[in-house]
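K.L.:
Dumping the structure here so I can ask a few things about it.
The values are calculated or read from the model by the stated rules, or taken from the named source; none is laboratory data. Note that the structure is predicted; figures quoted are calculated from it, not measured. Accessible surface areas use protein heavy atoms only, side chains included; no ligands, DNA or RNA. Shrake-Rupley method; radii C 1.70, N 1.55, O 1.52, S 1.80 Å.
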Amino acid sequence: MKISDCMTTDVQITDPEHTLQDVALMMARLDTGVLPVGENDRLVGMITDRDIAIRGVAEGRGPKTKVRDVMSTDVKYCFEDEDVEDVLHNMGDLRVRRLPVLNRKKRLIGIISLGDLAMKGSAKETGKALGGISQRGGAHSQTAH
């Protein structure tokens, strides 16, 4: 099965100049914990509710702080035509629960979550990915920044 078969395609994008308050309100309205950050028609980062809490509030930053000041800029992604099992393996290795999905022209077309993959992918592969994701630390740890 390909990522395009199970990804979420209705993805909202935020701007790096938006404030944390703007993004938090957007996340609440959309019932999501992550938003891709785009600038000049390119994916430049990702911001999560955890970024807001750890890199924002915990560091004393207020609601008017810009998204660019707390977002993750080392964006990992997958392509729509990749196999689900390969992406699950990569998510486990990267220790991430969600990945933006790009087409081969590197344009954002969706997002894939561990939940999406658990619903449609192999239970065994999803379990392995969750095991990797659940390990402490790693390149995407909030404390690594």
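K.L.:
For D15 and K106 in one chain, what is 0.36 nm times their gap in residues minus the Cα-Cα distance, to one decimal in nm?
P.N.:
Working it through step by step, the gained length comes to 31.0 nm.
K.L.:
What does the extension gain come out to for D81 and K64, with contour length at 0.36 nm per residue minus their alpha carbon separation? Before the final figure, lay out the partial values.
P.N.:
Values: separation 17, 0.36 × 17 = 6.12 nm, distance 3.85 nm.
Here the answer is 2.3 nm.
K.L.:
With a 1.4 Å probe and all protein chains left in place, how much of the accessible area of region 1-122 comes from carbon and sulfur atoms, in whole percent? Walk me through the numbers before you get to the answer.
P.N.:
Details: 3040 of 6540 Å².
Carbon-and-sulfur percentage of accessible area, whole number: 47.
K.L.:
So, in Å, what gap is there between the alpha-carbon centers of region 36-70 and region 2-28?
P.N.:
12
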